[in-house]
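**Q** Let me begin by handing over the structure; questions about it come next.
Any read-out appearing in this document is the output of simple, stated calculations on the displayed coordinates, not a laboratory observation. The model shown is predicted, which means the values in this text are computed figures rather than measured ones. So basically every Cβ, Gly included, is an ideal-geometry build from the backbone, and we count neighbours across all protein chains shown.
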Amino acid sequence: MSNWQELERKYIMNTVKRVPVTLVRGEGARVWDEDGREYLDFVGGWAANSLGHCPPVVTKAVTEQVQTLIQTSHQFYTIPQIRLAELLVHNSCLQKVFFCNSGAEANEGAVKLARRYGQRYLNGAYEVISAIGSFHGRTLGMVAATGQVKHQLPYIPLPVGFINVEYNNVEAIKAATAARTCAVMLEPVQGEGGVNLPDDNYLTMVREWCDQKGILLILDEIQTGVGRMGTLFAYEQYGIEPDIMTLAKGLGSGVAIGAFLAKDRASVFVPGEHGSTFGGNPLACAAAYATLKFILDNDIAGNARKVGQYFIDGLGGLKQKHQFITDVRGRGLLVAMEFNSDVAESLVTACIEKGLLVNRLKPNALRFMPPLIIGNDEVDKALGILEKVLSTIV
Ligand SMILES: Cc1ncc(COP(=O)(O)O)c(C=O)c1O
């Protein structure tokens, strides 16, 4: 264990089971550790490094902005925030934006907005229906929204106003809907829960139900959005539009920023009802504007779609060779590979030894969420390492 890893144990709270790698530098899809070892990064800052590490357009924008204006009070207009909001609105189905600093904060804001909507238009309805297996963040409210017992149990009692129902089952949502329901909140594809893809008509049926009941549909696109699934937003692939959408992760290509966007009719906050000191400051917005502009101008979502399919096909080839691989699933560059036993941890370690960083999604599954700018050559390299590592499993 390096000196840094010992110091981490001494000074940092014990919230993460880390792998024994201390990263000091990154460029594109590659990172280097303190001993100068190079890795191909298919964890991608947990799906946050959309344009890879230190992308020149983002470092340039941040460098210029950091020398110009970093933070102001929200009492004042700032140009990077307005430009970013305009770009998001022009490229989505939503009309108003609120900026914050993380995914959990974006989801909290979205739920607060839905509750205000409920107070104004739905006789005080406040309850949000979310899905079992979902992940919406680590704040107390979002732990209650997150339908995973392991995240909830340590913190009971949880805030009221959330109900978790089976994912990919519209009847479960219908059964849970009551006069107190103000919104349904879903990830289009569950990321942390296992890269779980819904049936093609699930979101359409949920949308129809929300319309029928006059309640809001919140889509958490924190992991799926900003190109990762092969379109700018995942909802485009399901032929529906949310009333509220949350973003974070890839939006700033690694610079912390979150956002929630709403349709005009759902945008019911009035001054003083919501806020965030750092949210949407000029520095974060300059990074996100540079990221989003690059993604749009260079069809990075299209790249994620094509390269993602190439990767999924390659993983499918490995599945053909190895019976212990039970499933390969995903879209774009959000991909999982599942096994018939709990081999994920040892595979992660073996991949690290061969210079590839991958995520242990579950004891029996790996997840891949590389930067969206990778090409087939990087996929070939990752597949080569995976092939070697998988062939050591008996
Ligand atoms: C779908 C989804 N929502 C919310 C979050 C929480 O985001 P953050 O960690 O930025 O608070 C995550 C993080 O993994 C996520 O995947």
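**Q** Run through every distinct alpha carbon pair of the chain and return the Kirkwood hydrodynamic radius in angstroms, one decimal place.
**A** Hydrodynamic radius (Kirkwood, Cα pairs) of the chain is 21.7 Å.
**Q** How large is ³J(HN,Hα), in whole Hz, for each residue of the stretch 299-313 in order, when computed from phi with the Karplus curve 6.51 cos²θ - 1.76 cosθ + 1.60 and θ = phi - 60°, using x for Gly and Pro?
**A** With the stated coefficients, the stretch 299-313 comes to 6, 5, 5, x, 4, 4, 5, 5, 5, x, 5, 4, 5, 4, 4 Hz.
**Q** Percent relative contact order of the chain, based on C-alpha pairs within less than 8 angstrom and at least six residues apart?
**A** 22
**Q** Oh, and also: Please give the net charge around G375, taking every other residue with its beta carbon less than 11 angstrom from that of G375, where Lys and Arg add +1 and Asp and Glu add -1.
**A** Every neighbour counted, the sum reads -1.
**Q** Let me know the charge dipole size of the chain about its Cα centre in debye, to the nearest 20, where only the beta-carbon of Lys, Arg (+1) and Asp, Glu (-1) is charged.
**A** 540
**Q** Starting from the amide H of E27, placed 1.01 Å from N in the peptide plane, find each other amide H under 5 Å away whose residue is 5 or more places distant or on another chain.
**A** H53
**Q** Continuing with the same structure: Step through the residues of the stretch 176-186 one at a time and calculate ³J(HN,Hα) from phi using the Karplus curve (6.51 cos²θ - 1.76 cosθ + 1.60, θ = phi - 60°), rounding each to whole Hz and writing x for Gly and Pro.
**A** So the J values, rounded to whole Hz, are 8, 6, 9, 4, 7, 7, 10, 7, 10, 10, 9.
**Q** Taking the highest mean first, how do the peptides 282-289, 1-8 order by number of other beta carbon atoms within 10 angstrom per residue?
**A** Output ranking for 282-289, 1-8: 282-289, 1-8.
**Q** Identify, among P80, G141, L334, the residue whose Cα sits farthest towards the positive end of the charge dipole of the chain, taking +1 on the Cβ of Lys and Arg and -1 on the Cβ of Asp and Glu, with the dipole about the Cα centre.
**A** G141
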